[in-house]
Structures are given as structure tokens and as C-alpha cells.
1. In Å and from the alpha-carbon atoms only, list the Rg and Dmax of segment B:56-146.
2. From the P(r) of segment B:197-326, could you give the percentage of C-alpha pairs in the tail past 22 Å?
3. Semi-axes, largest first, in whole Å: what does sqrt of 5 times each Cα gyration tensor eigenvalue give for segment B:109-189?
4. Can you pick out the pairs among A:237/A:326; B:159/B:223; B:203/B:320 whose Cα atoms lie more than 29 Å from each other?
5. Skipping prolines and chain starts, which residues have an amide H placed within reach, meaning under 5 Å, of the one on residue B:195, given they are 5 or more residues away or on another chain?
6. For segment A:195-297, what D do you get in µm² per second when you plug the Kirkwood radius from alpha-carbon pairs into Stokes-Einstein at 10 °C and 1.306 mPa s?
7. Hey, what D do you get for chain B in µm²/s if you plug the Kirkwood alpha-carbon radius into Stokes-Einstein at 37 °C and 0.692 mPa s?
8. With a cut-off of at most 11 other beta carbons within 10 Å, and DSSP calling the residue loop, which GluC sites (Glu not before Pro) in segment B:2-110 qualify? Please list them.
Amino acid sequence: MASVKMPQLGESITEGTISKWLKQPGDQVKKYEGLVEVITDKVNAEIPAPLAGVLKEIKVKEGTTVTVGTEIAVIEESVAAAPTPTIPRERGREPQPVAQESAPAVAAPMPGEALGGGSTESRTRLSPAVRALIEEHHITDAELGRIQGSGVGGRISKKDIEDFVGRRAQPVAANGEQRQAVAEAPAVPGAETTVPLTPMRRAIASNMLKSKQTIPHAWTVAEVDMTNVVRFRQQVKDSFKQREGVDLTFVPIIVKAVVEGLKAVPVLNASWSDDGVVLHKDINIGVAVSVEDGLIVPVVHQADRMSIAGLAKSIDDLARRARATKLTIPDVQAATFTVNNPGTFGTILSYSIIAPPQAGILAMDAIVKRPVVLDGDAIAIRSMMNLCLSFDHRVLDGVSAARFLQGVRRWLEGFSEQVPLY
Amino acid sequence: MAVKTYIEAIREGMDEEMARDPSVFLIGEDVGQRGGVFLASDGLYKKYGEDRVIDSPLAESCIVGVAIGAAVNGMRPIAEIQFADFIAPAMNQIIEEAARFCYRTAGDFNLPMVIRAPWGGGVHGALYHSQSIEATFSHIPGLKVVAPGTPADAKGLLKAAVRDPDPVLFLEHKRAYRLVKGEVPDGDGVVPIGKAEIKREGKDLSLIAYGLMLTYCLEVAEKLAADGVSAEVLDLRTIKPIDQAAILATAKKTGKVLVVHEDNRFAGIAAEVSAIIMENAFDALDAPVMRLTGPDVPAMPFNHVLEDAFMPNAEKILAKAKELAAY
């Protein structure tokens, strides 16, 4: 028997939701054959069977969310796939290695099982200190069962018990049921509904909270005359679509301008750490895409090596896959800066929250026609856009932020047919 | 208060005791005109003369034997064994005579004498200049064994050893001589024999050590703190009589103990500390008492790679401490 555990599907992912079992108990599974579909807050993934055999038991039902490392199924290893010692014995003719003499008693344990077995034993083996604390604090077996052991093989350590007692002591009533009753009682019965939290909602909530709690945000805006860009795009968008099969939107053009800005102000393409400001060599631009029940930020890796056309294709591909929930783990990792486009919904000033560990996020607001005073005091109708930058004030100061925005603005305002699309 | 090296503190301790009490004298190989091979007694010959700083023949049984005779007759000798490795020829004098003298005479005679011995390795000293001898001598009833880890403790314990009515084996780690520096209090600053000291407070696990290993353990505690593990460091200071109360207090506090020494593992000080904890603090334990020690090989080798393999260091202690923290 080997246990299948919820895998870690990305560096920051701590839990996953079983979306669909592709095999049912009793089914034969081949090694690496799709076993189950898992949804995480970032991507959906098909988990392959770790070995060949028969699916004995499904331990986690569809729709249930469990933490990484939780056992989700048990597979009985098939005889044919991994020869047990009985087979060479039946064949008889083959000389048996000496080491196999004792093997029948062991019954070919799989690595997974060995681990699982060990952990059960470790969990139930309580140290004298733990036993003493259990007695002192009158911890019941049921409570003990709920404690997650942090020691070797899941062993419940003294600290685990102390932490548990600390948590238990928090409400005065010391009664979990009462606490729940208070929390769930709505102010006006029946007047509210609670929308269950999706993994994505939870991830957004925790990232945004972490960002606002740890990053001192500063915010600044530059007003950009987009008339040249608008005119140019108007001229080429149809032929571009025909040639490339994707729309030439403002996003790849802005991303290109951002890349140029970041090249000029590398300290914004950076991360804060206690050891120092980490400057990133690659410029990987996250592009926020709104999806059905939230927001996802796929990443254009090494955006500094791409033309506007290349960026347009890459962003189009990522956005499509994001909406079809077909992004892979690398697609959503390692962004060094983010571009957000709330302007399509008509906003004119956006205060975005930085996605840690990045140092900044740029919001493109709506392009609107406005009367503008030009050089020589003429008044003209121009297409204006606000670019709003939130930045980590630990990493850089207003001067660098302003220099970045100025670079982006100049690049966009100086746009002409001479700027290569490819 | 002034920052001094470990060896300066020892020299100062001898100097002050010799100035305070005319019955205190120093005897050993090259301790006089040469000031000792490590210069521990540098300047004392000039200051106190050849009657009180005596260059002995190259015969350890003679050095200790003379000291015993002088002590019986009311003197307070400090006998230096040039390297702890050379103490074997004096074992008969130490074990059969010095350690038993008070017992044999039903308390009529005490032997107020100190045997100083530079010990330990990590100095490329090879087979004859690197060994640890504390477990061997701690096994002998009637002997006190002291192994300070800081300059202040070295000076304070040396003074206590000189003033003690019984024979004290005073171990000075030779790698610590110039490596370990620290504040040494002005004035007498006597440190009582038999008292361990918490050198760093912690709550998750305890590191128990003495001598040079104390320095490494403090370094490790600092690194563990960066990982969120709060380590308490107990410096035994005196190996015998061992401070049971201090050992049990820290074991009961953290429930996880790692004992570190450079001496061989088998029947070493860590085994004794471990047994004390098992017998008296079993109910407080959250993990088996762990040991990190030198290996059971005949001697510290000269080959530098092998010497490093022998010596416990901060890296090895850290790895073991992490294992204990994760248990």
C-alpha cells in the first residue's frame, strides 16, 4: 500500500482542492497516469499516479480543500509493476540474490508507505514532557487528535502542546462551540448570505493583507499624452490583427514603455530583503487579468527581450489561458513588476496594492480626450491617460519613482511610426 | 573591567595569588626563565624569583610528587603539566596519592594544590599535544576538575583552585588561550568551584558545554536564534563536582538537551550529564538527550583534514542542534 499525498504545486502554495477524481476505487492505474484533478489558488493541475496498481481508497472527497502533504488516496501496488519476492520464487530457475531471502517478510514496502507508517508511530509516541502536559491541561484524546505534530515524522512535541493550550486558552469560555455560535450569529437573521471563499479569494486576501501590513506603500501619478500612440494604433491595428491573429491593445505598448522605464531605473525592478535590496536581472512583467471569480496575474518572462509584437502575442496567450484556467505554475511565478489595466473599466485614478516581493505596480487608467494647453499656449484636444504607480518606499524614494514615470511618459509621448513593432 | 585573552587572565590570576599568599609557588617544565611554552607564566620568574617559580626536570611524576610533598607541608603549589598529553607519567602520583590523601588520613591532611594542564586540540598539535583528559580524571573520587571557557572564569576559577584545600586539576584549553577574549572584572573576582553558569538564556533547547566548546555553542545559539530557535547555553565550568542543580534546571526548562565535548564519546562527560538528566528529569524530557563529541579513535590526528573531522565545531554543533530542535 502506498499513500498518495496532496503535492506542493508551487512554492507558496499550502493547500489544494480536489476538483475531480479521474479514477475510482478498484480501478487499475498506470504509473504517471492521471489520477486526480486539483485546484489551487493559482493553477489547476492533474496529479499523476506515483506508481502502478489498484486505487484502493479515496480519502478526500471532491470539493474538499486539504493542506499539502495530506493523504488523499491509497494505491495498492500491482504485482506485475513492481515484482514482489514471490515471483522470482515461482519461476524457480532464476538464482535468487541472497538479500531477497528475507524479503517475503518485509513484503516490498513502498517509500510512501514506509513514511506513512513511521509517522503514525511517531504521532502516538508521546514524550514524557508531552504526557505530563497532557495531564496538566486535561487534554482529551479528541483534542490530541486535532493537534498537528511539528516534530520528526509528525511527532507531537512539547511546543505543539503548549501552542495548543495557548490557543485554547484564548476565549474565556474555553469552549470551541460557543465561540463558533457567536461568530456565526448574523445581526439580522436571514438578511445575509455568506459566499464561501474560493482558494483564489483566500490567496488574494492573504497576499493583499501581507502586502499592506509589510510594505509601506507610496503612490504617485503621471499624466501622459497618448495621442501619438492612439493615432498609431488606429492606423495599424487592423493590419496587425490580420497579420498576427491577435489584437494590438494598449497593454503591450505600455508594457514596452514600462520595460524601458525599468531599464533606466533598475531599483524599481527589485525586492526588499533584510539583507539588502535585491536587484533583479530579468525584467518579468506580471499582467493582471480579471477572471470569473477574481484576479490572476500571469507573467511575461524576460519582457525586456521582446518586441511590441512579441509582447502582444505573449500577453494574449497568457490572458486566454488564464480565463480557461490552463495556466501552469511557471506562468504565474517570478514577476518582478506588475502592470494593471483598470482603465478599461473607466477608472481615472487607481491606487493598486503591490504584489510582494515586487517593489512596484503600475496602473493604466482610462484614456480620455481632454483640452490641453500645448507648447506655444495653443489649446488642443488630446488623448490623456493617468499612469498611477504604487511603490515600496523601503526600496526606493519619490525621486526614483518620478524618474521612472517620466521615462515611461517620454517614451509614450515620443511614439511615432519609427518605433519598431517587431 | 577590561577585555583580556584567556591566557592573560590565567597569568594575572597566578600573579595575584602569588602576591597575596607567599606560600603559593609555581613548578613545571620551562615555567621559569622561559615563562612557559605558551607564556602563561611570562614575567613571574623575574617578579618572584627562582624560589617561587621553579623550572623542573622533564619528569611529570617529579613535578606532581614535589607539589604533593610541599602541599602536605603547608605550601600551595601550582604544578604545570606542559601539555595535558604528558600527564600520564604523573598518574600514579595524582590518583594513588593526591586524590586519596585526605581520605587516607581521615581528614588530618589536605592537599591544597593545583595541577594546571593545557588540553584539547584544533591547533595542529597532533598525537602528543591535542588530547582531552577530563573524563579519565573525573572518574577519580577525591579530585576536582575545572575547565573554564571564558577569561573571567579562567581567572576566577584559578584563584578558587589555589585557595581550595584539595587537589584541583585545572584544564586550560590551548586553542582558547589567544582565541577567546572577554571582559575580566577588576579585583578578586573569585568564581566558586562546582557552579555552572547559564551563558545565554533560551527556552527551546539547551546546549551544555565547557572549555572551548562553550565558544562554539554560543556561536551556534546565535545562528539558531536567526532560525527562530531559542537555545539556552549552560557552561559547566567545573566538571567535578558537577553542578547537578543547574543541569536539571535547564533540562526541565527546555526538555531538549544537547551535550557537547571534544573528548571521546565513550564514558565521557556527556554520558554522565545524560544519565543525571535521565535519572532526575525524565518526566520533563521532550526528546532523547543528544551528544556531540569527539570520536572514539586513539588520538587526534595531525593530518589537518582528519583533525577537522575529529574536532566538533560550530557547523557540526549547529546541524545536531537543528536535529534536536526538529525532533
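1. Calculated on Cα positions, Rg and Dmax stand at 13.4, 45 Å.
2. Everything past 22 Å amounts to 30 percent.
3. Rounded to whole Å, the semi-axes are 22, 20, 8.
4. B:159/B:223
5. Under 5 Å from the amide H of residue B:195 lie the amide H atoms of B:238, each far enough along the sequence or on another chain.
6. Rounded to a whole number, D works out at 92 µm²/s.
7. 165 µm²/s
8. Those that pass, being in a loop and sparsely packed, are B:50.
Quick note: the coordinates plus some simple rules give every number you see, no bench work behind them. Predicted model, so just to flag it, every value in this text is computed and none were measured. Cβ: placed from backbone, ideal geometry, glycine included. Neighbour counts: every protein chain shown.
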